[in-house]
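Rule-based calculations on the coordinates, nothing more; no lab input. Since the structure is predicted, the reported quantities are computational estimates derived from the model, not experimental observations. Glycine also receives a Cβ, built like all others from the backbone with ideal geometry; neighbour counts cover every protein chain displayed.
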Amino acid sequence: MATTVSTKSFPTKIDVADATRAELAELLNARLTDVLDLRMQAKQAHWNVKGPSFIALHELFDQVAEEMANFSDLIAERITILGHVADGRVATVAEGTGMPAYPGDIADGLDHVEALSTSLAAFGKVIREAIEKSDELGDPTTADLFTEVSRGTDKYLWFVEAHNHAKK
């Protein structure tokens, strides 16, 4: 069954035109879907990692999940500030995510490093595109929010990728 995303808006005195707010809400909801999926991918890695670097990766993957949860709150709150509905329902995320599918059958720490770094990089890319789109729409506040998310995502991508760099 298809999930219907609300297009309802609420009145606000914020000085962003209604049509622009609607476009921004659509963009923000798309990135909310992605970050919620990415958070659960990090938890999947956290729960299932095995190997010699278990504790370091277990804790790192949990930090990634926590940071993605923080980003989801920032994004969802911006949607509601703009007078729209933040849609973080599981069905919406499952249908709308743009993140690469996370393998369900891996256990080795370096396999999780590879899978999670791939998703972090993909998320970083769409967040940078969202910065540009927010700028085009004339909303520096939303662009700044996405810049904050981009900076944090890149930091965690670095933390995760560093586990593969020692062998190269």
One checks the Cα atoms of the range 40-86 and finds Rg and Dmax, in Å, of 14.6, 48
Percentage relative contact order, the chain, counting C-alpha pairs under 8 Å, at least six apart
28
Using alpha carbons only, how many angstrom separate the centre of the range 130-157 from the centre of the range 77-99?
17
Theoretical FRET efficiency, 1/(1+(r/R0)^6), r = Cβ-Cβ of residue 17 and residue 63, R0 30 Å, to 0.05
0.20
Binning every alpha carbon pair distance of the chain at 10 Å from zero, what are the percents per bin?
11, 38, 31, 15, 5, 0
Go through 86, 119, 141 and say which Cα lies farthest out towards the positive end of the charge dipole of the chain; charges sit on Cβ, +1 for Lys and Arg, -1 for Asp and Glu.
119
If the elastic network links every pair of Cα atoms under 10 Å, which of 90, 49, 64 fluctuates the most in the Gaussian network model of the chain?
90
Along Cα→Cβ, 7 Å out, is where each label goes; now give me the distance between the ones at residue 73 and residue 165 in nm to one decimal.
3.0
Folded to 0 to 90 degrees: helix 140-165 orientation relative to the chain principal axis, Cα:
10
Calculate the spin-label point distance for residue 90 paired with residue 158, positioning each point 7 Å from the Cα along the beta-carbon direction, and give it in nanometres.
3.6
